[in-house]
Amino acid sequence: MPEIIDGNLIAKQIHAELKAKLEKFGGKRKPCVAFIRVGEDPASVSYVKKKARVAQEIGIDSRLHLLPESVSQGELENIIDTLNADDCVDAILIQAPLPKHLSEREAFNRVRPDKDVDGFSCANLGLLCQEDSSAFVACTPAGILEMIKRSGVETSGKRAVIIGRSIIVGKPLALLLSKRGVDATVTVCHSKSENLGQVCSQADILIAAVGRPATVTADMVKEGACVIDVGINRVPCASTKTGYKLVGDVDFEQVAPKCGKITPVPGGVGPMTVAMLMKNTVAAYERHMPESASK
Ligand code: NDP
């Protein structure tokens, strides 16, 4: 049987480490993360609630800036500018996806790099590309690397295949896995990739970040591989109260018996993303309040 990598458990360990670290700080104020949420997309509502709850548990203050669906790019950027200038705000998170009329890229780039705990700005992506340790790394890729490391998965010289090339997951993850010290040999696949199954079947570490259930089937997985499922898909389910359940991009039942290690959905990558947001927020606070951090 494969080892199930328990993202909830690893995330809780990270929360405890951060809480202990903050308890040692003698700061005049707590760390503070500001969330910007536009509209009432149910998934975004639930993600921001979850992030605020975890922040509170760790000892991080949070603020929610709730903007109407109809907000203009200019109005959104005014809020970002205000938070950029606010010395009591360490971290800014713009919950994606934004409504179609808004430019996510411009919004992400507007966030001051030292408050960009999502790591989506061109400044932080550039620093990541340069392997500069001061980069804030996007939370999902950072969480994936952290869970791989903490689960004892060897990366050096291993073949990693990522399905998906988004700026949120696939691209920064490719940079992280191929950087010096991690040293995987990385292939990035996407919707135009030919022979996807064959490419995936060579992976020691296979990461699916597509957004389509059962994209990864058993024939695509090498015996003993580590499979990381990033996908979050709602599929109809008559036996749940909500009428749906969450599944990943991997056909878990079929794939798991072939794997050495595998992440579940839910309870895999999701909690790690939140844990990395907290880690980045504490790191931003340490930069803004160096006297407190060094106590
Ligand atoms: P995007 O839609 O931005 O990217 C999806 C990628 O998958 C694209 O690169 C696309 O290729 C590729 N793709 C689509 N269909 C196929 C296919 N048939 N074969 C191969 N590649 C394909 O999604 P995100 O990266 O934002 O998210 C991916 C999934 O991860 C979603 O389910 C999302 O909900 C989830 N997610 C989970 C997080 C977590 O914390 N657990 C955090 C972030 C995302 P192309 O570029 O050619 O279009």
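The values are calculated or read from the model by the stated rules, or taken from the named source; none is laboratory data. If you're wondering where the values come from, they're calculated on a predicted model, not measured in any experiment. With ideal geometry, Cβ positions are generated from the backbone for all residues, glycine too; neighbour counts draw on all protein chains shown. Side chains are part of the model used for accessible areas, which takes the heavy atoms of the whole protein and leaves out ligands, DNA and RNA. Shrake-Rupley method; radii C 1.70, N 1.55, O 1.52, S 1.80 Å.
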For G197: the one exception among (1) within 12 Å of the ligand (Cβ to nearest atom); (2) within 19 Å of the chain's Cα centre (by Cα): (2)
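Consider E17 carefully, then state whether it is open to solvent by 80 Å² or more (accessible area, probe 1.4 Å) and either polar (S, T, N, Q) or outside any strand (DSSP E or B) (or both). So that I can check it myself, show each step before the final result.
Values: open to solvent by 80 Å² or more (accessible area, probe 1.4 Å): yes; either polar (S, T, N, Q) or outside any strand (DSSP E or B) (or both): yes.
Considered against the rule, which asks whether it is open to solvent by 80 Å² or more (accessible area, probe 1.4 Å) and either polar (S, T, N, Q) or outside any strand (DSSP E or B) (or both), E17 comes out as yes.
Filter the stretch 216-234 for residues that are modelled with pLDDT of 95 or more and within 16 Å of the ligand (Cβ to nearest atom) and give the result. Break it down stepwise before answering.
Taking the stretch 216-234 and keeping what is modelled with pLDDT of 95 or more, we get 216-233.
Those that are modelled with pLDDT of 95 or more and within 16 Å of the ligand (Cβ to nearest atom): V216, T217, D219, M220, V221, V227, I228, D229, V230, G231, I232, N233.
For (1) touching a residue at least 60 places away in the same chain (Cβ under 8 Å); (2) closer than 14 Å to I148 by Cβ; (3) touching a strand residue (DSSP E or B) at 6+ places or on another chain (Cβ under 6 Å); (4) surrounded by fewer than 16 Cβ atoms within 10 Å (Cβ to Cβ), each residue gets a yes or a no:
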position	(1), (2), (3), (4)
R165	no, no, yes, no
G170	no, no, yes, no
V188	no, no, yes, no
Q198	no, no, no, yes
I228	yes, yes, yes, no
Near pairs, Cβ below 7 angstrom, 6+ apart or cross-chain, from the stretch 262-287 (closer than 14 Å to G143 by Cα) to any residue that is of a type in the set (D, E, K, R) and open to solvent by 10 Å² or more (accessible area, probe 1.4 Å): G267/D6; M272/E146; V274/K50; V274/K51; M276/E146; L277/K51
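For residues in the stretch 251-270 being open to solvent by less than 20 Å² (accessible area, probe 1.4 Å) and touching a helix residue (DSSP H, G or I) at 6+ places or on another chain (Cβ under 7 Å), which is nearest to the ligand (Cβ to nearest atom)? Break it down into steps so the answer makes sense when it comes.
Within the stretch 251-270, the subset open to solvent by less than 20 Å² (accessible area, probe 1.4 Å) is 255-256, 259, 262-263, 267-269.
Among the residues that remain, those that are also touching a helix residue (DSSP H, G or I) at 6+ places or on another chain (Cβ under 7 Å) are: 255, 262-263, 267-269.
Working: V255: 16, I262: 14, T263: 9, G267: 10, G268: 7, V269: 4 Å.
This residue is V269.
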Subset of the stretch 119-139 (residues that are within 13 Å of the ligand (Cβ to nearest atom) and open to solvent by 20 Å² or more (accessible area, probe 1.4 Å)): F120
Helices (runs of 4 or more DSSP H) enclosed by the stretch 45-146 - at least 1 residues per element that are more than 21 Å from Y285 (Cβ to Cβ) and touching a His at 6+ places or on another chain (Cβ under 9 Å): 73-85
